[in-house]
Structure formats: C-alpha cells, structure tokens
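Beneath this line is the structure, given in structure tokens, with notes to follow.
Derivation of every value follows stated rules applied to the coordinates shown; laboratory data play no part. Everything numeric here is computed off the predicted structure, so don't read it as measured data. We place every Cβ from the backbone using ideal geometry, glycine too, and count neighbours over all the protein chains shown.
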Amino acid sequence: MKDKLLSWIENAASLAVELETGLTKHPAVSPESGGEGELDKCLFLEKWLKEHGITNLERFDAPDKNAKGGIRPNLIATIQGNGEGRLWIMSHLDIVPPGEEKLWDSDPWTVIRKDDPPGARLIGRGVEDNQQGITASVLAALSFTKQGIKPNLTIKLLFAADEEVGSAYGIVWLVKNYGSLFKKDDMVLIPDGGDKKGEFMEIAEKNIMWVRFATRGKQAHGSRPDLGNNAFIAGSDLALRLHTGLSVKFSDHDPLFDPDYSTFQPTKKEANVPNINTIPGEDVFYVDMRVLPRYSTDSVLAEIERIKSEVEAKYSVAIEYSPIQLTQSGPTSADAAIVKKISAAVSEVYSVNPHPVGIGGGTMAAYLRNIGIDCVVWTKTDETLHQPNEYALLENILGDAKVMALLALN
C-alpha cells in the first residue's frame, strides 16, 4: 500500500505543474499590500479539487470590506480516514507582491519551468511560499483518493487566508469563530518553513512584539533649543534604552533558537520636521522584538513602561506606545507524537535525520499552540520565498507529498 502511494506521487509531476501554474495565474495579495485578497485563487482551487475528485469541501469566509467580494476565504478539504485521529496540513493562499518586477527574468504570474541546475524547478511568485505546501498536500490527498486507499488518519487540508500580514482573517479568525473545528488530539503539519536538506522541524517560535512609540515634546526654532523639548533626542534615547535595557532584562539563551537570545531592534522611523532648522516636537519610531517564549509579553510591556517613564521625566516629554502585533506562543514538545511521526517520515523519504528547532519568525502554528494543539512547521525548501525569480523544486514538491502521505498512512 505504501509503495503504491509513493509510486503514484512520483509520477504526479505533471499534476504538480498544472496546479502550480493555475494557482500562480490568480494573484492572492492582501488588501494591505495593494491586492484584492484570495477569492479568485480560492475559487480556482475549489474547482480544480472537485474536477480531480476531492469534493468534501467547506468554505469559511471572513468578512473584509477591503477585499474582493467583501470576504477572505478559508477552504477546508477532508479525506475521511479509518480511525478517529486527524492530520491537518495547513497552507496559506495569500502571497506577497512580486516587488520590483525589473528584477524578475519572467512574468511573476506565469509559471516557467526550467530543468537546468539546481534541478527541475517552477518559477513564479508564490510557487514556493506557499504553493509548494498547497500542491504537495493536494498530491498527498490524491494519492489516496485516486487509488481508493483510505488513510489511517483523516486528512484535513486547510488553505488559509491572510498569513502574510498576520492571519487576522485566517487562522486567528477561524480559532476565534470556529474553534470547534480543532481538537486537542489533532496533529498539525504546517509546510511553511524549513531548510534545503529538510532537516529543520520547527516546534517553537519566539513571541513577536511590534510596537510603535510616539514621543511628543515642544517644537522650537533650531537656534533656541532652550525654548523647546526635542522629541527626536528623547525618542533616540528611548530607542537605545529599549534596545539595551530590554536585552539585559530578558537575557536568557536557548540553544533551540538561532539566534539563541531575545532581540529588540528599533527599525522603522517616521519623518518628523521637513527642514533642518526646527526642533521637532514629535518623533515616531517602531521596534521589532522577538522574545524567547519563556518570557511573557506582559512582562516585556511592564519593562517598557518603566523605561518610558524614565525618559519622559528626563526630557519633559510625553510618550505613547501602541502594539502593532503581540503574539505569545508556547512550544510543541520535542516528544509530541507529530514530531516523532514527521521525523520518521522525513528520514524515510529524504534520508536525513531531522531535528527540532525554534525560529524568530511567525507562522500559523503559534495560534494553534496557544489552544493546546501540537504543531510542526516543516518543508524541504530552497528558501527563495519573497525573492525575485522565486522557484520551487519539483523534487521538493513530490518529496514533501510523500512525507505527508506517510504521515496519514501510518
């Protein structure tokens, strides 16, 4: 039975190309990034799945007045298994914009196949992030349905909206409004991160904190700083204190992560005054914080409040801060069943010894771990996501599909 499944997938390259090509023709860029959302892409995928025999489909549409059709679609496909256990494979429909199209060697929305080194590959925006996951999971499901083989675990394929800009209309909305979809003993694979060998199994994410800081002082002429309160100077001092002080306060190391410590990086800076000879009365900047999960976001915010008060007193300014994103995530145990199953399947397909890692980025896994569901983020990727000339290796799509089929079978 196993050999039949793997053999079918090995011979499914043409289907992989067909699906990737169709998906790429339907850009699914979020309204926040200048697009219309995922509706056209979801409709194409629904039609394609039905035409190929996957008909147990459900739509969960999150309302979004800024998106085409006023919705952000989340699609679930189910392949019933023999037992009570369930395997979720969760990919996302949305993609990032192509960026500077002059850096592309071809139209980002038209899949180009090249068979020269590093191997047969498909080029186009989204083909790796996250259409490799979409396509591999569909091929894994089809390997059962096309041969009349029932998996041991019920396969639940989620094609989610809005992952690239925070998942508010995707997994976050589903957990909040349809939490009963998910069960504590579900196993979840999210094929949305990995490495070129397929060795990295992500089981933990740092807490993500994006915070905006607005400092308000008193504007004055550049020759009379004594008559003003320079918000730029106060804001600069605040940025340095946050960077240094938070790093000292939350200084633990964890070898699961790379880097193995929490990071507090001032990043975006908004313009203040347009001319040189004015003391700015307002200054705005942002800090990107990636915090080891052993620390709570509340404890970091408490330290921010303390540092903020010191700067306000020193410079006679008022400082307001507002979180843009706060994501607290607990880890999946390295001994969890899904970790062991993926490790065995990856080892069998790719002949490597996968090991657990933590990351500083964010995926859908964080929101599921927070409700007690074990997740692993894994895929074998050439890591071209978000780059010009993004590509997915055909051997990775087919290999990942084999891993997924083994997970559902065993």
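Please list, in chain and number order, the residues 5+ apart from Ala62 or on another chain whose amide H is under 5 Å from its amide H, with Hs placed from the backbone.
Result for Ala62 returns Arg72, Asn74.
Tell me which label goes with the value of P(r) over Cα pairs in 20 Å bins from 0, in percent computed from the coordinates here: (1) 24, 50, 24, 1; (2) 25, 51, 20, 3, 0; (3) 22, 40, 20, 10, 6, 2, 0.
(2)
Among Thr278, Thr327, Val317, pick out the residue whose Cα is farthest towards the positive end of the charge dipole of region 207-327, where Lys and Arg carry +1 and Asp and Glu carry -1 on C-beta, about the Cα centre.
Looking along the dipole axis, the top candidate is Thr278.
Tell me which residues come under 5 Å, amide H to amide H, from Asp195 once H is placed; ignore anything under 5 positions away on its chain.
The list, which skips near neighbours in sequence, is Phe200, Thr379, Thr381.
Just how large is the dipole of the chain about the Cα centre, in debye to the nearest 20, putting +1 at every Lys and Arg Cβ and -1 at every Asp and Glu Cβ? Kindly include the intermediate steps, with their values, before the conclusion.
Working: 43 positive and 57 negative charges, 140 e Å.
About 680 debye.
Positive end of the charge dipole of the chain (Lys, Arg +1 and Asp, Glu -1 on Cβ, about the Cα centre): tell me which of Ser180, Pro108, Val17 has its Cα farthest that way.
Ser180
Listed highest first by mean packing, meaning other Cβ atoms within 10 Å per residue, what order do 303-309, 343-349 come in?
Values: 303-309: 15.7, 343-349: 19.3.
Output ranking for 303-309, 343-349: 343-349, 303-309.
Quick one: Karplus J couplings for region 23-29, per residue in order, coefficients 6.51, -1.76, 1.60, θ = phi - 60°, nearest Hz, x for Gly and Pro?
3J(HN,Hα) across region 23-29, in whole Hz: 4, 5, 5, 10, x, 10, 8.
Expressed as a rounded percentage, what relative contact order does the chain have, with Cα pairs under 8 Å and six or more residues apart?
Values: 922 pairs, mean separation 98.0, N = 410.
It comes to 24 percent, rounded to a whole number.
Calculate, axis by axis, the spread of Cα positions in region 207-327 along the three principal axes, and write the results as whole Å, longest axis first.
52, 25, 19
For region 197-204, just list the computed ³J(HN,Hα) in residue order, Karplus coefficients 6.51, -1.76 and 1.60, θ = phi - 60°, integers in Hz, with x standing in for Gly and Pro.
With coefficients 6.51, -1.76 and 1.60, one gets 9, x, 8, 8, 10, 7, 10, 7 Hz.
Give me the net charge of Trp173's neighbourhood, meaning all other residues with Cβ under 9 Å from the Cβ of Trp173; Lys, Arg count +1, Asp, Glu -1. Could you put the intermediate results ahead of the total?
Details: positive: Arg72, Lys176; negative: Asp162.
Result for the local shell: +1.
Leu256: net charge of surrounding residues, Cβ under 13 Å, Lys/Arg +1, Asp/Glu -1, itself excluded? Intermediate values should be presented prior to the final figure.
Numbers: positive: Lys206, Arg294; negative: Glu202, Glu205, Asp252, Asp254, Asp258, Asp260.
My count for the surroundings of Leu256 gives -4.
Under the rule of -39500 (n - 2.57) per DSSP H run of 4 or more residues, summed and divided by the residues of the chain, what mean residue ellipticity at 222 nm is obtained, to the nearest 500 deg cm²/dmol? All intermediate terms of the calculation are to be shown ahead of the outcome.
Working: 10 runs with 129 residues, N = 410.
After summing the helix terms and dividing by the residues of the chain, the value is -10000 deg cm²/dmol.
Loop only by DSSP, 11 or fewer other Cβ within 10 Å of the Cβ. Give me the trypsin sites (Lys or Arg not before Pro) in region 59-95 that pass, ordered by residue number. Display every interim value, and only then the final one.
Working: sites: Arg59, Lys65, Lys68, Arg86; in loops: Lys65.
Here the trypsin sites (Lys or Arg not before Pro) that fit, given the DSSP loop and packing criteria, are Lys65.
Please list 3J(HN,Hα) in residue order for region 226-239, calculated via the Karplus relation 6.51 cos²θ - 1.76 cosθ + 1.60 where θ = phi - 60°; whole Hz, with x for glycine and proline.
5, 9, x, 10, 6, 5, 5, 5, 5, x, 5, 4, 4, 4
As a test, work out the antiparallel percent of DSSP beta bridges whose residues both lie in the chain, rounded to the nearest 5.
Around 70 percent of the beta bridges assigned by DSSP in the chain are antiparallel ones.
Let me know the charge dipole size of region 122-243 about its Cα centre in debye, to the nearest 20, where only the beta-carbon of Lys, Arg (+1) and Asp, Glu (-1) is charged. All intermediate terms of the calculation are to be shown ahead of the outcome.
Values: 15 positive and 14 negative charges, 65 e Å.
Using Cβ point charges on Lys, Arg, Asp and Glu, region 122-243 gives about 320 debye.
Within a Cβ distance under 11 Å of Val317, other residues only, what is the Lys/Arg minus Asp/Glu net charge? Don't skip to the end; give the middle numbers.
Values: positive: Arg216, Lys218, Lys308, Lys314; negative: Asp237, Glu282, Asp283, Glu312, Glu320.
The answer is -1.
Tell me the angle of helix 297-315 to the major Cα principal axis of the chain, expressed in degrees between 0 and 90 and rounded to the nearest ten.
Helix 297-315 sits at roughly 20 degrees to that axis.
Measure up Lys47/Lys197; Lys268/Lys380; Lys25/Lys340; Lys25/Lys102; Lys176/Lys196 against 26 Å on the Cα-Cα distance and list the ones that go over. It would help to have the intermediate numbers written out before the result.
On the way: Lys47/Lys197 34 Å; Lys268/Lys380 32 Å; Lys25/Lys340 37 Å; Lys25/Lys102 19 Å; Lys176/Lys196 35 Å.
The pairs that break the limit, which is 26 Å between Cα atoms, are Lys47/Lys197; Lys268/Lys380; Lys25/Lys340; Lys176/Lys196.
Name the residue farthest towards the positive end of the dipole of the chain from the options Gln147, Val165, Leu240, assuming +1 on Cβ of Lys and Arg, -1 on Cβ of Asp and Glu, about the Cα centre.
Checking the options against the dipole of the chain, the answer is Gln147.
Counting pairs of alpha carbon atoms under 8 Å apart in space and at least six apart in sequence, what relative contact order in percent does region 328-405 give? The partial results should precede the final answer.
Details: 56 pairs, mean separation 27.1, N = 78.
Once normalised by length, the contact order is 35 percent.
Taking the alpha-carbon centroid of each part, what is the distance from region 218-237 to region 339-365 in angstrom?
Between the Cα centres of region 218-237 and region 339-365 lies a distance of 52 Å.
Need one word for region 259-397: rounded, prolate or oblate. Basis is the Cα gyration tensor (sqrt eigenvalues a ≥ b ≥ c); a/c below 1.5 gives rounded, then a/b vs b/c decides. Don't skip to the answer; put the middle values down first.
Numbers: a/c = 3.93, a/b = 1.92, b/c = 2.05.
Oblate is the answer for region 259-397, as a/c is 1.5 or above yet b/c matches or exceeds a/b.
Among 49-58, 376-385, how do they line up from the highest to the lowest mean number of other beta-carbon atoms within 10 Å?
My ranking of the peptides, most packed first, is 376-385, 49-58.
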